[in-house]
Amino acid sequence: MAITHATGYAITDPKKYLDFELKKYELEPLEDDRITVAVEVCGVCGSDHHTISGGWGPFATKFVVTGHEVIGKVVEVGPKVTEFKVGQRVGVGAQVGCCGKCKACKGPNENYCVQPVHGYNTHWYDGAEHQGGYSTHVRAQERFVFPIPDSLESTDAASMLCAGITVFSPLLRNGAGPGKKIGVVGLGGLGHYAVLFGTALGADVTVFSRSDAKKEDALKMGAKDFIATTDGFAKGKELEFDAIIVTASSSSLPVNELLSLLDIEKKLVFVGMPEEGLSNITSQALSGNGACLTSSHLGNRQEVLKMLALAAEKKIKPWVTVLPMKEAAKAIKAVENNTVRYRSVLVQDIEA
């Protein structure tokens, strides 16, 4: 029997963003290239908090079911789906569709589609709403569904599909590997993946943080060095880094000092997305070493597959806390309070 509806933990009012309630809703149509996935686990992302609290603006849909780090089983496939079969374990991340027509989609950069369909709080091109993975089912285009290596636990693989790929893509595109020195600013969910994957790629990773509170954790994850960003932290370290990945979502970062650490024409890549804009950057800080201030959005299909293969090969183990899905509010609160170490994953508990 065709699946027409899902049930999920929804937020209806950003002023009450911890008041999750179960809602049954109609799924978007199962188009020829789409796959229906029965959700088994779903990671909790900082984006979930930014969205349901209204920090990134008003809701785009009538209510919001967040969650864009899904692992589950294929239960339906459209007639043009070729790679996946019913019963297969797969992942779905923070993008579920693309237009297929723009320059990015026609190349290997569908993650930069000019009109992407995101993991939640979004619409398809026909106006149908798409909801996320704190639910029983999600639908996605085949291009955004990924086979999960057998050796990866679902609770480990889930958060790789947003947090993992968000840092893996810029690491890869900026040459992280043996002989390269990579900086990571902030040690949260994103930052901890940047350390794990940067190290797995063979780079020397240095973590920058406001204090020494997470130094021990960073070194356990494989970081070679840890630097607290107190006054004068950049002195004597100019031109040392081949890339710096900024994972912190703060608008008060010492951006000028971080830029000075980069080698000539290297990049400071923002993947943390503060609700306020950055205002403390001077063009002089860019000109001294020709540094680039840039950002990155998820990764393309090839990068996701490469990331999952590397995680399986190197037995990468993220630091996760596993909770039943009904405790979504607890997980969101831990994100807000910066007490999660370093990612939460929700396990399905909604009765079909």
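The values are calculated or read from the model by the stated rules, or taken from the named source; none is laboratory data. Please read all numbers here as calculations on a predicted model, not as lab measurements. Don't worry about glycine lacking a Cβ; one is built from the backbone with ideal geometry, like all the others, and counts go over all protein chains shown. Each accessible area value is taken on the protein alone, full model and side chains, heavy atoms only, with ligands, DNA and RNA left out. Shrake-Rupley method; radii C 1.70, N 1.55, O 1.52, S 1.80 Å.
Computed quantities for the displayed model
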{"read-out": "Largest-first ordering by accessible area, 1.4 Å probe, given options Trp56, Trp124", "value": "Trp56, Trp124"}
{"read-out": "Signed unit charges on C-beta, dipole axis of the chain, positive-most listed residue Thr206, Gly100, Ala329", "value": "Thr206"}
{"read-out": "Under Karplus coefficients 6.51, -1.76 and 1.60, residue-wise ³J(HN,Hα) of region 239-246 in Hz, glycine/proline x", "value": "6, 8, 9, 7, 6, 10, 9, 9"}
{"read-out": "Where only C-alpha atoms are counted, convex hull volume of region 1-90 per residue in Å³", "value": "111"}
{"read-out": "Sites Ser151 and Phe84, calculated FRET efficiency, Cβ-Cβ separation with R0 25 Å, nearest 0.05", "value": "0.85"}
{"read-out": "Radius, Kirkwood style, for the chain when every pair of distinct Cα atoms is counted (Å)", "value": "20.5"}
{"read-out": "Net charge, Asn289 excluded, C-beta distance under 10 Å - Lys, Arg +1, Asp, Glu -1", "value": "-2"}
{"read-out": "Translational diffusion coefficient (Stokes-Einstein; Kirkwood radius from C-alpha pairs) of region 164-295 at 4 °C, 1.567 mPa s, in µm²/s", "value": "90"}
{"read-out": "Check: the chain dipole with +1 on Lys, Arg Cβ and -1 on Asp, Glu Cβ, in debye", "value": "400"}
{"read-out": "Local electrostatic count, Val347, Cβ distance below 15 Å [Lys/Arg +1, Asp/Glu -1]", "value": "-2"}
{"read-out": "Note, ³J(HN,Hα) from phi for region 116-129, Karplus 6.51, -1.76, 1.60, rounded to Hz, x at Gly and Pro", "value": "x, 9, 7, x, 5, 6, 8, 10, 7, 5, 8, x, 5, 6"}
{"read-out": "Angle between the chain longest axis and helix 301-313 axis [Cα atoms, degrees, rounded to 10]", "value": "80"}
{"read-out": "Interchain or long-range residues, amide H under 5 Å from Ala203's placed H", "value": "Gly177"}
{"read-out": "0 to 90° range, to nearest 10: angle between helix 189-200 axis and the chain longest Cα axis", "value": "70"}
{"read-out": "Cα-centred dipole magnitude for region 164-295, charges only on beta-carbon of K, R (+1) and D, E (-1), debye, nearest 20", "value": "260"}
{"read-out": "Global geometry of region 46-130, whether rounded, prolate or oblate, following the gyration tensor of its Cα atoms and the 1.5 cut on a/c", "value": "oblate"}
{"read-out": "q = 0.11, 0.15, 0.19 Å⁻¹: log10 I(q)/I(0) that the Debye formula gives for region 288-352, counting C-alpha atoms only", "value": "-0.48, -0.79, -0.97"}
{"read-out": "Rough spin-label spacing in nm, given labels placed 7 Å along Cα→Cβ, for Tyr25 and Lys101", "value": "2.6"}
{"read-out": "Summed residue charge, Cβ within 12 Å of Met325's Cβ, Lys/Arg positive, Asp/Glu negative", "value": "-2"}
{"read-out": "In region 34-136, trypsin sites (Lys or Arg not before Pro) in a DSSP loop with at most 14 other beta-carbon atoms within 10 Å", "value": "Lys62, Lys80, Lys85, Lys101"}
{"read-out": "Amide hydrogen neighbours beyond the local backbone of Phe241, cut-off 5 Å, H modeled", "value": "Leu262, Asp263"}
{"read-out": "FRET efficiency for Ile281 and Met1, using Cβ-Cβ distance with R0 set to 56 Å, rounded to 0.05", "value": "0.50"}
{"read-out": "Relative compactness, region 171-246, computed as alpha-carbon Rg over 2.2 N^0.38 Å", "value": "1.00"}
{"read-out": "Whole-number accessible area per residue in Å² for the chain, which is evaluated in the context of all protein chains at 1.4 Å", "value": "43"}
{"read-out": "With every protein chain in place, the chain: carbon and sulfur % of accessible area (1.4 Å)", "value": "51"}
{"read-out": "Between helix 163-173 and the chain: long-axis angle, C-alpha atoms, 0 to 90°, nearest 10", "value": "50"}
{"read-out": "Rotationally averaged projected area of region 220-336 (alpha carbon convex hull; nm²)", "value": "10.1"}
{"read-out": "Descending Cα extents along the principal axes, region 58-99, whole Å", "value": "37, 23, 15"}
{"read-out": "Relative contact order of the chain, pairs being alpha-carbon contacts under 8 Å that are 6 or more residues apart, as %", "value": "18"}
{"read-out": "Over the chain: helical MRE at 222 nm, DSSP H runs n ≥ 4 each giving -39500 (n - 2.57), nearest 500", "value": "-6000 deg cm²/dmol"}
{"read-out": "Distance in nm between pseudo-label sites at Asn337 and Leu239 (7 Å out along the Cβ direction from Cα)", "value": "4.7"}
{"read-out": "Label-point separation, Tyr125 to Lys15 (7 Å along Cα→Cβ), nm", "value": "3.9"}
{"read-out": "Whole-Hz ³J(HN,Hα) from phi, Karplus 6.51 cos²θ - 1.76 cosθ + 1.60, for region 144-158, glycine and proline x", "value": "10, 10, 10, x, 9, x, 4, 7, 8, 5, 4, 5, 8, 6, 3"}
